1. Regarding residue 187, is this residue within 22 Å of the chain's Cα centre (by Cα) and outside any loop (DSSP other than H, G, I, E, B)?
2. Name the residues in segment 222-236 that are of a type outside the set (A, V, I, L, M), part of a strand (DSSP E or B) and surrounded by fewer than 15 Cβ atoms within 10 Å (Cβ to Cβ), would you?
3. Out of segment 132-157, which residues are surrounded by fewer than 18 Cβ atoms within 10 Å (Cβ to Cβ), assigned to a strand (DSSP E or B) and touching a residue at least 40 places away in the same chain (Cβ under 8 Å)?
4. Given the condition crowded, with 16+ Cβ neighbours inside 10 Å and either touching a His at 6+ places or on another chain (Cβ under 6 Å) or modelled with pLDDT of 90 or more (or both), answer yes or no: does some residue in segment 84-97 qualify?
5. Which residue pairs have Cβ atoms under 6 Å apart, sit 6 or more places apart or on different chains, and have a first residue in segment 70-93 that is farther than 24 Å from residue 204 by Cβ and a second that is in a strand (DSSP E or B)?
6. Taking segment 13-24 only, how many residues are at pLDDT 70 or above and surrounded by fewer than 17 Cβ atoms within 10 Å (Cβ to Cβ)?
7. Scan segment 70-101 for residues that are under 10 Å from the mean Cα position of the chain (by Cα), in a strand (DSSP E or B) and not polar (S, T, N, Q) and jot them down.
8. Specify the residue that is modelled with the highest pLDDT; the eligible residues are those in segment 1-12 that are under 17 Å from the mean Cα position of the chain (by Cα) and of a type outside the set (Gly, Ala, Ser).
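The values are calculated or read from the model by the stated rules, or taken from the named source; none is laboratory data. None of these values were measured; they are calculated from a predicted model. All Cβ positions, glycine included, derive from the backbone under ideal geometry; neighbour counts span all protein chains shown.
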Amino acid sequence: MPYRISTSRFSFVQFDETDEIVDCEITTQVMCLPVFDVNDAWFQFVIESDTEIESAALCTVGDEPIVIGLVKQCGDPYTVQFVEKPTRYRISPLKVLYVWQQGLPAFFNYIDAGECFHIMISKPTIDDQTWCSNCFQRIYDDCHTTVIEYTNNENAFGFNYCAGEDLGQDAAECEPTIIEFTNQATLDIPWTAFLLAKYGETPNIQAWIEDGGELVAAGIRIALDTLPPTNIHLDFGGNASGFVKIM
């Protein structure tokens, strides 16, 4: 049976729904939500299967069958497939939660200002099923727009904030690994058997660097010495302080 995808009804990113919005005057409008910056679209979704065997196919350690990218129109081939991977949690025997915190990496290289696009999710190593999001539009100026961010210390309003159930070795850990660094230009992380079992061969790694008293997400160079890795090398492009988050 096909897999099913769901999102909170409060999420700005929805899948397999129309772009029609009913306004206060009870008229129907077709709307593409504006996107200005690469970090304007963080979201989460749940994929549910009919059997535990199907769900296990989504949770194999060291393998991530989910592909996320952009299309100009639903049904089109990918305009770009992101190499970044979502963080995943087994929240029930049949459900896997995906948390996408990478935004839309370098989307301005593929989408022109004023152009509309959609986020598409597929699992090509399992089947040819795809899910297409509501419409977004790249804007050239952030005037009259606001980015809304929200989080919680517990599950709320249809969002799951890391309340995964431990289902054995295929279950992702809720708590990430945090490594702090001070005034360093590079950082080497020995990829031990423990880290390999916990995060797989290609982990999701984020770096946050101090900038003017604030922590900002940094685009850094990450190199693996081999596959599976024994060491992960991070290059910050100059001396920096902050922390690395491994998920």
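1. no
2. 231, 233, 235
3. 135, 137
4. The answer is no; no qualifying residue exists.
5. So the pair list comes out as 72/117; 74/118; 74/132.
6. 3
7. 88, 98, 99, 100, listed by residue number.
8. The extreme case among them is 5.
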